[in-house]
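J.: Handing you a structure now.
The values are calculated or read from the model by the stated rules, or taken from the named source; none is laboratory data. All figures in this text were calculated on a predicted structure; none of them were measured in a lab. Cβ sites come from the backbone with ideal geometry, for glycine too, and all protein chains shown count toward neighbours.
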Amino acid sequence: MTHVEMPKANENLTEATLDRWLVKEGESVRVNQSLCEIITDKAKFEMPSPAAGRVLKILGPERALLPVGYVMCVIGNEGEIVGADVAQKNEALLAAHRAAATSLSATAAPASTAPSVAASGIRATPSARRLAKEKGIDLADVVTKLNLTTPVNDKDIQRYLEQR
């Protein structure tokens, strides 16, 4: 059984957005077949499968901001069962990542007059956070005005600016 984790695409990367899945649960995949699209601050790329087999379980939701190491899916042989320990590991990783983001934002002085994006608890892609900070936009306002239920992305910020 192979656990496919959010990769550390560069030295400073701590999180990235799982944009969309290119495979479905139950599908057979081959080595290096694209599994999903991932967005970081600097790039968008397709994640290749590290193993051949069947996608037993997809654990990462689309458009979710996930920490490095999060198990996005599990690949194995038909009939294998994914244990509950994988979901528990992911929950512990998410909790630790949120706690680290909160403590960093509490100790860092804001660089602008815009509210701290990390402290707001609003889910957003890394590039959307950067854009909001550059434009002095509160992500909570974007979520409210656009009535979003998914993480804020660059297109949402642009739409918000156009409607302003």
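J.: Tell me, please, whether a residue that is modelled with pLDDT under 90 and basic (Lys, Arg) can be found in region 25-35.
T.: The answer is no; no qualifying residue exists.
J.: Considering only region 79-104, state which residues are under 20 Å from Pro151 (Cα atoms) and surrounded by 13 or more Cβ atoms within 10 Å (Cβ to Cβ).
T.: Asn90, Leu93, Leu94, His97, Arg98, Ala100, Ala101, Thr102
J.: Within region 38-91, how many residues turn out to be over 13 Å from the mean Cα position of the chain (by Cα) and charged (D, E, K, R)?
T.: Of the residues in that region, 9 qualify.
J.: I'd like to know if region 3-14 contains one or more residues that are of a type outside the set (Ser, Thr, Tyr) and touching a Pro at 6+ places or on another chain (Cβ under 7 Å).
T.: Checked region 3-14: at least one residue is of a type outside the set (Ser, Thr, Tyr) and touching a Pro at 6+ places or on another chain (Cβ under 7 Å).
J.: Working only within region 29-49, note down all residues that are within 15 Å of Gly60 (Cβ to Cβ), among the small types (Gly, Ala, Ser) and free of Cβ contacts under 8 Å to residues at least 40 places away in the same chain.
T.: Ser34
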